[in-house]
Amino acid sequence: MDEIVRKVKNMLYVLGGMLIVLGMILWNQYGVAKKADFTDNHIALIVPQTPYYHTYDCVEFDRSHFIAYNIKSAENRGYRPCPICHITETMN
């Protein structure tokens, strides 16, 4: 009986440790998602010589050479939302 109790306790410790790690992963993912949402909603990523601003994961965004403005500043400079990565905005 003592052996069974010991094994159950060990399994509970392992499970507890796994839950802590899972919680840390989820917390980190939530933080990353919040940062990504903030960036997509407030930062205009501009590739020079183009009329659009993009989100970081846009297929048209060239990560090797770009400028970042806040969206209002980019729009004041004449840039428009990319019709690919800002599709919901361009439909309104």
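Any idea of Asp2's accessible area? Nearest 10 Å², probe 1.4 Å.
130
For labels at Ile84 and Glu3 in the simple 7 Å Cα→Cβ model, what's the distance in nm?
6.3
Show the residues, 5+ positions off or on another chain, whose built amide H is closer than 5 Å to the amide H of Tyr52.
For Tyr52, whose amide H was placed from the backbone, the distant partners under 5 Å are Arg80.
Can you tell me the FRET efficiency between Ile67 and Phe38 if r is taken as the Cβ-Cβ distance and R0 is 22 Å, rounded to the nearest 0.05? Before the final figure, lay out each step's value.
On the way: r = 18 Å, r/R0 = 0.84.
That pair, Ile67 with Phe38, gives E of 0.75.
Label points 7 Å out from Cα along the Cβ direction at Met11 and Glu60: separation in nm?
5.6
The values are calculated or read from the model by the stated rules, or taken from the named source; none is laboratory data. Everything quoted here is computed from the prediction, not taken from an experiment. For neighbour counting, all protein chains shown are included, and Cβ atoms are generated from backbone atoms with ideal geometry for every residue, glycine included. Remember, those area values only see protein heavy atoms, side chains included, never the ligands or the DNA or RNA. Shrake-Rupley method; radii C 1.70, N 1.55, O 1.52, S 1.80 Å.
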